[in-house]
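Before any comments, here is the structure.
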Amino acid sequence: MSAQFPVARPRRLRRTPALRRLTAETRLAPADMILPMFVKEGIAEPQPIGSMPGVVQHTRESLRKAAHEAVEAGVGGIILFGVPILKDAVGSGADASDGIVQSAVRDLVADLGDSTVIMTDACLDEFTDHGHCGVLTASGEVDNDATLERYASVAVSQAAAGSAVIAPSGMMDGQVEAIRSALDAAGHENVSILGYSVKYASAFYGPFREAAECAPQFGDRASYQQDPANADESLREAFLDLDEGADMVMVKPAGAYLDIVRRVRDAVDVPVAAYQVSGEYAMIEAAAANGWLDRDRTIMESLTAIRRAGADMILTYYATEVARKLG
Ligand code: PBG
């Protein structure tokens, strides 16, 4: 006699919002969200960014207000990008003790203390006149080892200003090691490093280059950022950064690289961040403005997918808005 099994009915658990909430495998929380913010030197009013509606280049004053709002909403962290008045070949503004990032970090530390985690992107592209992430050789290539010395100095100056987490984003070989040694030598043993370990040479950074005024003036970043075709290489990059002393690793961009987020999450035993970058933001905003996508649902779905893929924390321009909604 054959047993009569009941028909499987997965829909039972999808029946009501309360059942779906109870059985959700992935949850978003305000503390998972890290807000990237731009602060520009020498402006009197915040400047809108055309390709990122709703995101601005802040003045020091407007940055303080927006950072306060982010903290009120409960975001887990803030990461700062600076846009200087003067750019030069070596990116002198990046490690100036009175540079825009250092000044803004001091403001935020004074205002916010330890109520959130204040992080800084450590790179040169916003500060160089040629727009590359490092210093150049005579023939115009990015000089890896000369750049490491600059990154070390940038990191130390950011730490001295009060940054709790240094996030090197330039994809130079050995950058985490160089920064870790320099931080330790300067007495900043407690400042941590979030490696942009897995960073692809991506078209999705387009709007950021308007926001941070850092488009390369010649060539592209493909000789230092990763080829989108590669996945195994991401694990090598992540392990190298961990060997060099990274406390956390990042995958960037997020949405088009969810397979990489998952592989990295499965391979490492440190917190994994993923960056929903400017182009991901711009696509949602543009489609929503046209009435082609439901903005709120698309935002939540995109962030949930990044968490589901394995990211412990997400850098997103939606951080404050979403934290408020979740709060
Ligand atoms: C480099 C840096 C970039 C981003 C973060 N750090 C741009 C680049 O590599 O060209 C992109 C972030 C985004 O697109 O939102 N300092």
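The values are calculated or read from the model by the stated rules, or taken from the named source; none is laboratory data. Everything numeric in this text was worked out from a predicted model, so none of it was measured. Reconstructed Cβ throughout: ideal geometry from the backbone, glycine too, with neighbour counts over all protein chains shown.
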Worksheet item: Across region 96-142, which residue is surrounded by the fewest Cβ atoms within 10 Å (Cβ to Cβ) among those that are out of contact with any Lys or Arg (no Cβ under 7 Å at 6 or more places or on another chain) and among the acidic types (Asp, Glu)?
Response: Asp114
Item to complete: Report, by residue number, each residue of region 1-36 that is modelled with pLDDT of 95 or more and part of a loop (DSSP other than H, G, I, E, B).
Response: Arg15, Thr16, Ala24, Glu25, Thr26, Arg27, Leu28, Ala29
Fill in: Test set (1) surrounded by 16 or more Cβ atoms within 10 Å (Cβ to Cβ); (2) in contact (Cβ under 8 Å) with a residue 12 or more places away in the chain; (3) assigned to a helix (DSSP H, G or I); (4) away from the ligand (no atom under 15 Å from the Cβ) - Ala246 fails condition number
(3)
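For region 1-42, which positions are surrounded by 16 or more Cβ atoms within 10 Å (Cβ to Cβ) and either of a type in the set (Asp, Glu) or in contact with a His (Cβ under 9 Å, 6 or more places away or on another chain) (or both)?
Step one: filter region 1-42 for residues surrounded by 16 or more Cβ atoms within 10 Å (Cβ to Cβ), giving 28, 30, 32-41.
The answer is Asp32, Met37, Phe38, Val39, Lys40, Glu41.
Kindly check whether there is at least one residue in region 118-131 that is touching a strand residue (DSSP E or B) at 6+ places or on another chain (Cβ under 9 Å), assigned to a loop (DSSP other than H, G, I, E, B) and among the hydroxyl-bearing types (Ser, Thr, Tyr).
no
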Worksheet item: Between residues in region 141-160 that are touching a residue at least 24 places away in the same chain (Cβ under 8 Å) and residues that are of a type in the set (D, E, K, R), which pairs lie under 6 Å by C-beta distance while being six or more apart or on different chains?
Response: Asn144/Asp173; Ser153/Asp95; Val154/Asp95; Ser157/Asp95
Fill in: Exclusive hit being more than 24 Å from Pro48 (Cα to Cα), within 16 Å of the ligand (Cβ to nearest atom) and at pLDDT 95 or above, set Ile299, Ile314, Ile306, Ile284
Ile306
